[in-house]
Amino acid sequence: MNIAVAIDQIPQEALPSASEAGPAPKRIVVAFGFWIFLLSDIVMFAALFASYAVLVRSTAGGPTGAQLFNQTTVAIETACLLFSSYTCGLMSLAVNSRRYLRTYLGALITFALGAIFLGLEIREFLSMIAIGAAPQRSAFLSAFFTLVGCHGLHVALGLIWLTVMMVQVAVFGFAARVQHRLLCFSLFWHALDIVWVGVLTVVYLMGVSS
Amino acid sequence: MTEVRHERAPGDRPSREMNESAPSEFLVYTIGLVVAVLLTATSFWTANTTLLWSGGVVLGLAVLAIAQMGIHLVFFLHISSGPESTNNVLALAFGALIVFVVIAGTMWIVADMNTNMMMPSGAPMSMRMQH
């Protein structure tokens, strides 16, 4: 059936519009507010991306991205973050159906994959600093460490948040407020993966291909 | 007045009771994962291959990245074009506009300043970019 026809056939009296129905449920208000925060966070990342794109060639005679980046490490990091986003989604399904074991299992795998990502990133940073490619070496490296480090900081905060949420699930069970926070966490984690797609493409893949 | 039409929270799927024909949520996440893996693998291949014209690689990578962000939004964050998702989509569109203005505007302005910067005519172009 044509969707326009289908919409016309919904009895409008039976479904009052949102403005007539009074305030939205708290879950929707909370998640929408967090959605706005995430978008502002992504705008901040856009500023970091812009400064990186401007400074990427300002290597001051120092190492370039093509000399520094190890694609194998980056591929493993990408896989970790993508699969942790998937397990985070499965965890939110378990939360919605109030299953404790699946929630804990999903959170555990999400946390482990996020921790592997963070460990690989810290190891990459340390190996770069060890060969003299520290943030103070060139404007390119300053922009690189700011952008990728800011994403890594978000991942670290996400891991702390996930741990706190699992403690809350253990203490309070699936109370409404705990479910709202878990919804916000899954939004945050998926948004981090979207930012990582940008980092992977702009920093690493464009860095090694040019 | 038991049934009320509200906006949907970002990240929420329509409930199965309201729409029996909707695919299972597990399937939605799995399709999203498979497509995202395929797009990521294509991105890595594009960056490393010598088969493609090197001038087009950057554009191709950008297209693949934007496609994958769209996949994440639809399959992981459940952003839809439905009427109950209007507020989320409007906020997202505004965010995308600001992101575009910040990135494109910065690159445009700074590239313009680089070309207009007064330098001794003997200095090579690379001198301006290296510091």
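The values are calculated or read from the model by the stated rules, or taken from the named source; none is laboratory data. Since the structure is predicted, the reported quantities are computational estimates derived from the model, not experimental observations. Positions of Cβ are backbone-derived with ideal geometry, glycine not excepted, and every protein chain shown enters the neighbour counts. Heavy atoms of the whole protein, side chains included, go into the accessibility calculation; ligands, DNA and RNA do not. Shrake-Rupley method; radii C 1.70, N 1.55, O 1.52, S 1.80 Å.
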222 nm [θ] for the protein assembly as shown, helices only, -39500 (n - 2.57) per DSSP H run of 4+, per residue, to 500?
-24000 deg cm²/dmol
How much of the accessible area of region B:23-78, in percent, comes from carbon and sulfur atoms when a 1.4 Å probe is used?
82
Could you work out how far helix A:26-55 tilts from the main Cα principal axis of chain A, as a 0 to 90 degree angle to the nearest 10?
20
Calculated diffusion of region B:23-78, Stokes-Einstein form, Kirkwood radius summed over Cα pairs, 4 °C and 1.567 mPa s, µm²/s:
108
Can you tell me the Rg and Dmax of the protein assembly as shown, counting just the alpha carbons, in angstroms?
22.6, 80
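Sort A:Glu20, B:Glu7 by heavy-atom solvent-accessible area, probe 1.4 angstrom, most to least.
Working: A:Glu20 130, B:Glu7 45 Å².
Result of the area sort, largest leading: A:Glu20, B:Glu7.
Evaluate region A:65-210: find the radius of gyration of its Cα atoms, find its Kirkwood radius, and give the ratio Rg to Rh.
Numbers: Rg = 17.0 Å, Rh = 16.2 Å.
Dividing the radius of gyration by the Kirkwood radius yields 1.05.
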Chain A - percent of accessible surface contributed by carbon and sulfur, probe 1.4 Å
69
Just to be sure I understand the model, the point goes 7 Å from the Cα along the line to the Cβ. What's the resulting B:Phe26 to A:Val164 distance in nm?
3.2
With θ set to phi - 60°, apply the Karplus curve 6.51 cos²θ - 1.76 cosθ + 1.60 along region B:77-86 and write out the HN-Hα couplings as whole Hz, x wherever there is a Gly or Pro.
9, 6, 6, 10, 8, x, x, 7, 10, 4
Loop-only check: which trypsin sites (Lys or Arg not before Pro) in region A:57-125 are DSSP coil with at most 13 other Cβ within 10 angstrom?
A:Arg98
Give me the percent relative contact order of chain A, please, defined on Cα pairs under 8 angstrom at least 6 residues apart.
31
Count the net charge of all other residues whose Cβ sits under 12 Å from the Cβ of A:Ile131, scoring Lys and Arg as +1 and Asp and Glu as -1.
0
